[in-house]
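The values are calculated or read from the model by the stated rules, or taken from the named source; none is laboratory data. A quick note: this is a predicted structure, and the numbers were derived from the prediction, not measured. Cβ sites come from the backbone with ideal geometry, for glycine too, and all protein chains shown count toward neighbours.
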Amino acid sequence: MLLGILNSQAAGGAASAGYFGGGDTGSMVDTVDKFEFPSDSRTTLATGLSSARNFLAGMADSGVAGYFGGGYDGASRVTTVDKFAFPSDSRTTLGTGLSSARSGVAAMADSAVAGYFGGGTTGSRVSTVDKFAFPSDSRTTLGTGLSSANAYLSGMADSGVAGYFGGGYDGASRVTTVDKFAFPSDSRTTLGTGLSSARSGVAAMASA
């Protein structure tokens, strides 16, 4: 699974772009492709991820930086979180990664406030939600995680209002569950209406 991040408006009104990072072609890759808005022209960053991996997740502090976290490098799951500064696309790797090495994780962000990596598998599914405060990138783990341990889900957000983690596989079956985290309290509710069918390996996006 290959995941993307979005820089919806770069600082100073500069061109914005979307990014797809990682994945596999039969073997893991560290490739990051950038699509400029609104032309949709593609370039491939000279500096990719810090390691080749798949089943990672991506989120962004729009106009500031994008983050790719977690995944599987072909040998083991990782805690790694790579940060790409906008608009230079220079990469650093956070000193503090995820709270546990996991793949099949999802991510979403409340731009200018915090980014979140939720769920995934460490070998067993987890309900963990890690929160990275912007701009310090300091990590905390929410007292309330997902409503159930879940992997291969996806995340999206209505920035400034709430973030959502939906779908996935709980170790026994695929799920329709959509959990909503209100900003800035991070209180969780589970939507009465979930996905239209139980499914994993789902993707998500939002028009805030």
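A few points about this structure:
- Just so you know, in the stretch 108-131 the residues that are of a type outside the set (A, V, I, L, M, F, W, C) and over 16 Å from Ala151 (Cα atoms) include one that is surrounded by the fewest Cβ atoms within 10 Å (Cβ to Cβ), and it is Lys131.
- Residue match in the stretch 95-107 (condition: crowded, with 20+ Cβ neighbours inside 10 Å and either β-branched (Val, Ile, Thr) or more than 15 Å from the chain's Cα centre (by Cα) (or both)): yes
- Considering (1) in a strand (DSSP E or B); (2) modelled with pLDDT of 95 or more; (3) surrounded by 20 or more Cβ atoms within 10 Å (Cβ to Cβ); (4) not acidic (Asp, Glu), the lone condition that Leu49 does not fulfil carries the number (1).
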